[in-house]
1. Would you work out the relative contact order for the stretch 143-204, in percent, from Cα pairs under 8 angstrom that are 6 or more residues apart?
2. Please give the length that would be gained between D271 and E324 if that part of the chain were fully extended, namely 0.36 nm times their separation in residues minus their C-alpha to C-alpha distance (nm, one decimal).
3. Using the beta-carbon distance between Y73 and Y156 and R0 = 35 Å, what value does 1/(1 + (r/R0)^6) give for FRET efficiency, to the nearest 0.05?
4. Report the calculated FRET efficiency for D279 and N147 (r = Cβ-Cβ distance, R0 = 45 Å), to the nearest 0.05.
5. Compute the FRET efficiency between A235 and K117 as 1/(1 + (r/R0)^6), taking r as their Cβ-Cβ distance and R0 = 51 Å, and round to the nearest 0.05.
6. Suppose only helical runs count, i.e. DSSP H with n ≥ 4. What mean residue ellipticity at 222 nm does that imply for the chain under -39500 (n - 2.57) per run, divided by all residues and rounded to the nearest 500 deg cm²/dmol?
7. So I have [x] 151; [y] 254; [z] 127, and one of them is volume of the Cα convex hull per residue in Å³ calculated from this model. Which one is it?
8. Treat each spin label as a single point 7 Å out from the Cα along the C-beta direction, and report the Q89 to N50 distance in nm.
Amino acid sequence: MPESTSSFDTVVIGAGPVGLACALEIQRRGFTVCVVDKGALVNSIVGYPNQMEFFSTPELLEIGGYPMPTNHYKPLREEALDYYRRVAQVEKLPLRLHERVLGLEGEENHYEVVTTKGRIATRFVVVATGFFDVPVKMNVPGEDLPNVSHYYKEPYTHVDQQVVVVGARNSSAKAALQLLRAGAHVTMVVRSAELSPAVKYWIRPDLENRIKEGRIKAYFNATIQAIRPTEMDIATPDGLLTLPVDFTYALTGYRPDYSLLDALGITSQDDAARTPTHDQETFETNRPGVYMAGTVCGGLNTSRWFIENGRYHAAVIAAHLAGEAAPATPQIIQPVQLSK
């Protein structure tokens, strides 16, 4: 095993918006802190579609009291990437990126976070790993082919291609519309009888009208049975159909990394959401001194926490570490202005 290479009061696992919010709130209370992530800074947002518009307005995405500058009513992916980078830089948060956490040894006040690059001695740990890194698999033959992806970035490589989009929520709806307008031949395969009611009100009629026009072909109450390099089989109410396909976007959702939670010694409840065990008031897990924040708290119920409400976990956890009463509202220290 590698030797200890550094020591901090608190290690935050996950360099997303909620992880950064936790780190800066903890640091402001006098603790030394380090943020570790197996990918890039705000890696999930890096993985979002290019020029993606957030559904939330900027004030709902802000952390640490820093205003999010934007030229739009709702920020774009690229504006958020720049914003969170500058917050981390202004707060001088120690970052260890592209470093995967493998496990956690020891006990409260005497933990060691084991990573691919060494060990980090720490008193406390905060897990803010989100859920975007582990796609929900369809578990069908051909799902691992190179022309199948669980992540959508942009439509421009699919001009005149037969593209199948699996799913019926916002990500699938937006991808289907973008692909159509970039010259792809789009087919949607939807497990339910209709589009999800969660599809935003300004997206839904656009997609419904394109389906009615026949510009997007949609199969409802349908499931994929097998994928091959140039075609796929789907089960429909009318029987088994074979569709031509050049590329498949299986936008079937994502889930927390339970293998990491297991490696950290965090148990899960025996409920439908496999909710990771944690105190609802303090966010401390079954392992003393180990906390969790953000979307990961909801387990498979990934719609319970977002950046908008998960960022408030930061002040609660920081207050608990400092022996303070839990804040009714986030306690924000006024920061300096961000510079471009």
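1. Values: 74 pairs, mean separation 22.6, N = 62.
RCO, the stretch 143-204: 36 percent.
2. Working: separation 53, 0.36 × 53 = 19.08 nm, distance 3.17 nm.
Length difference between fully extended and current span is 15.9 nm.
3. Numbers: r = 25 Å, r/R0 = 0.73.
My answer for the efficiency is 0.85.
4. Numbers: r = 45 Å, r/R0 = 1.00.
My answer for the efficiency is 0.50.
5. On the way: r = 46 Å, r/R0 = 0.91.
Calculated transfer efficiency: 0.65.
6. Working: 8 runs with 71 residues, N = 340.
Estimated from H runs of four or more residues: -6000 deg cm²/dmol.
7. [x]
8. Modelled inter-label distance: 2.3 nm.
Each value in this text was obtained by applying a stated rule to the coordinates, not by laboratory testing. The shown structure was predicted, so the numbers you read here are calculated from the model rather than taken from an experiment. Glycine also receives a Cβ, built like all others from the backbone with ideal geometry; neighbour counts cover every protein chain displayed.
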